[in-house]
Amino acid sequence: MSSDKRRWRTHLLVAAVMALCLSFTVAACGGDDDDSGGGGGGGGGSQTSDKGGTIKVAILSDCEGAFGAFYEPDIAGAQVPLINRGAKPKDPKKPSAGVTGAKIAGKKIEIVGYGCSDGTADKAIEETRRLMEQEGADILIGPLSGDESIAVANYAKEHPDQTFINGAAGAQDASLKVQAPNYFRFNTDGAQFSSGLGDYAYNELGWRTAAVIGDDYAFPYTSLAGFIAEFCSVGGKVTKRVWPPLGEKDYSSYISQIPEDVDGLYVGVGGSGLISFIKQYEQQRGKIDTKKIMGNVFWPDPLVLKEVGDRLVGGVTAGPTSADLNSPAAKAYVGEIKAAYPEIAPLASSVFVYHYYIAMEGLALGLEKVNGDISGGQKKLQDALAGVEFDAAYGHIKLDENRSAISDNYVQRIVPDVNGDGTPDAKTIRVIPDTDQQFGGLFSTDAPAPDRENPKCEKGSPPKWVGNAEPVG
């Protein structure tokens, strides 16, 4: 493994496991980030028009909390589409140092600030207000996490003359329920991240009953909802749902709640908690049988696999990226990350880096469609964004009627180390094409939002991709 790769993995691992974060203050997050200055305050929102020649953008991620370790990689992902269009990073080792010379459709792009949230709705809204109302941003890229996105989507609804592009958050409600016409999500949601796993558990592993466990907040509700809806639609039964708090360190009482007579367990614990959960689960229940346990999008994370060793080898997981995909688009994307921010390149297939990348790419394509015109309350831009679709590294992306992505998902198996770095890897075994947020009608605007008790486990018409997954050799 290269020294750069080791350095980033070590940095991120320490941050995740010890629940530390990068030490950014609010003032630092809103600092000077482009060649014209640009952290400057102002009053109640942006006054920019298309005639001003400058479009003000802010980027909101988490620099604290369970996902704070991905703050700089998120920013890197968001800025690479600008670098692809001629911008230059001020410091390739520190993405939050900003970029110079950013332009889209001939209009100068000024990054007026970087938001520093912590995974909570309150902090996300505090930072959103600072960026939009004090720093004068026209457009926000972010946030990262589920509860944050629901809060920001509701804020967007109250500010129709500004535009909001989801960062990496996967909470279903942010688009399916809130339905702010100026809030756009170019990444799939947490339920879509789990698509293909209910089918696999029932038809390949032979599960008929299952329990689920996940962190007690909006993203895992959505993530586990995808498994529950799909598994139950084909005839499976989910008999127990367990919800430890995000960031829990002692999972013993929660593991005790998991019934031992089910065919399988679906795990939606994330962040630093997943490492603790896996180790404690083995201590309480014995050696893990990976035919009887599977996990959501966090399982293939190299930081997790490095810490849990071979415990998860053989286990199946799924997510919207595929590190072993060798398509020209995937290779080009990884090459772009490496050229702009070499130390971030090992994390290119992270959902965080990739989703912030496609968020900015989607925005750029929308701005190019309207020649950078954000006049008239940004209505032209917002209409254009709703129709943006493009081929990205991990599949074609288009938006549904609620401005949320329809795209591919990847079912993967954890395998022994194939890269020579001593860490198990993830091998793609199936592609789930064109997953949609509504799961063929299993989710809707009228149905209860995913939570501790919903969706109900009901047999019915499964999503269109059940039985139509594309095998990968």
Q: Go through (1) out of contact with any Pro (no Cβ under 8 Å at 6 or more places or on another chain); (2) part of a helix (DSSP H, G or I) one by one and return the number of the condition residue 458 breaks.
A: (2)
Q: Please enumerate the residues belonging to segment 93-121 that are closer than 26 Å to residue 271 by Cα and either free of Cβ contacts under 8 Å to residues at least 12 places away in the same chain or touching a Pro at 6+ places or on another chain (Cβ under 8 Å) (or both).
A: 95, 97, 115, 117
Q | residue 138 vs. criteria farther than 24 Å from residue 339 by Cα, crowded, with 24+ Cβ neighbours inside 10 Å and charged (D, E, K, R) | A | yes
Q) Scanning for something surrounded by fewer than 24 Cβ atoms within 10 Å (Cβ to Cβ) and either of a type in the set (Asp, Glu) or touching a Phe, Trp or Tyr at 6+ places or on another chain (Cβ under 6 Å) (or both), does segment 353-360 turn up at least one residue? A) no
Q | Of residues in segment 381-393 being within 19 Å of residue 432 (Cβ to Cβ) and in a strand (DSSP E or B), the one least open to solvent (accessible area, probe 1.4 Å) | A | 392
Q: Only residues that are modelled with pLDDT under 95 and either in contact with an Asp or Glu (Cβ under 8 Å, 6 or more places away or on another chain) or surrounded by 14 or more Cβ atoms within 10 Å (Cβ to Cβ) (or both): list them for segment 233-268, please.
A: 245, 246, 247, 248
Q) Restricting segment 442-454 to residues that are closer than 22 Å to residue 234 by Cβ and under 23 Å from the mean Cα position of the chain (by Cα), which is most open to solvent (accessible area, probe 1.4 Å)? A) 448
Q.
If I ask for residues that are part of a loop (DSSP other than H, G, I, E, B) and either open to solvent by less than 10 Å² (accessible area, probe 1.4 Å) or of a type in the set (S, T, N, Q) (or both), which ones from segment 394-439 would you list?
A. 394, 402, 419, 423, 424, 437, 438
**Q.** strands (runs of 3 or more DSSP E) wholly inside segment 52-143 that include at least 2 residues being in contact with a helix residue (DSSP H, G or I) (Cβ under 7 Å, 6 or more places away or on another chain) and not hydrophobic (A, V, I, L, M, F, W, C)
**A.** 54-62, 107-117
Q | Pairs where the first residue, in segment 326-341, is under 15 Å from residue 390 (Cα atoms) and open to solvent by less than 50 Å² (accessible area, probe 1.4 Å) and the second is among the hydroxyl-bearing types (Ser, Thr, Tyr) and at pLDDT 95 or above, C-beta under 7 Å, 6+ apart | A | 330/394
Q: Scan segment 321-346 residue by residue and report those that are more than 20 Å from the chain's Cα centre (by Cα) and not in a helix (DSSP H, G or I).
A: 326, 327
Q. Do you know which residues across segment 225-249 are under 24 Å from residue 440 (Cα atoms), touching a helix residue (DSSP H, G or I) at 6+ places or on another chain (Cβ under 8 Å) and not charged (D, E, K, R)?
A. 225, 226, 227, 228, 229, 231, 232, 233, 234, 235, 236, 238
Q. Just a yes or no: is a residue in segment 182-197 under 24 Å from residue 349 (Cβ atoms) and over 16 Å from the mean Cα position of the chain (by Cα)?
A. yes
Q) Counting only residues that are out of contact with any Lys or Arg (no Cβ under 9 Å at 6 or more places or on another chain) and closer than 13 Å to residue 364 by Cβ, which one in segment 90-126 is most open to solvent (accessible area, probe 1.4 Å)? A) 106
Q: Would you check which residues across segment 191-223 are open to solvent by 10 Å² or more (accessible area, probe 1.4 Å), hydroxyl-bearing (Ser, Thr, Tyr) and in a helix (DSSP H, G or I) and list them?
A: 200, 202, 221
(Q) For segment 273-310, give me the residue count where each residue is touching a Leu at 6+ places or on another chain (Cβ under 9 Å) and either of a type outside the set (Phe, Trp, Tyr) or more than 24 Å from residue 221 (Cβ to Cβ) (or both). (A) 19
Q.
Checking the structure you have, find out if any residue of segment 286-299 is at pLDDT 95 or above, among the polar types (S, T, N, Q), in a helix (DSSP H, G or I) and surrounded by fewer than 22 Cβ atoms within 10 Å (Cβ to Cβ).
A. no
Q) Restricting attention to segment 244-264, does a residue exist that is within 20 Å of residue 409 (Cα to Cα) and either touching a Ser or Thr at 6+ places or on another chain (Cβ under 6 Å) or without any contact (Cβ under 8 Å) to a residue 12 or more places away in the chain (or both)? A) no
Q: For segment 455-466, state whether one or more residues are surrounded by fewer than 20 Cβ atoms within 10 Å (Cβ to Cβ), within 23 Å of the chain's Cα centre (by Cα) and either at pLDDT 95 or above or within 30 Å of residue 364 (Cα to Cα) (or both).
A: no
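The values are calculated or read from the model by the stated rules, or taken from the named source; none is laboratory data. This structure is a prediction, so every number in the text was calculated from the model and none was measured. No Cβ is skipped: glycine too gets one built from the backbone with ideal geometry, and neighbour counts run over all protein chains shown. Heavy atoms of the whole protein, side chains included, go into the accessibility calculation; ligands, DNA and RNA do not. Shrake-Rupley method; radii C 1.70, N 1.55, O 1.52, S 1.80 Å.
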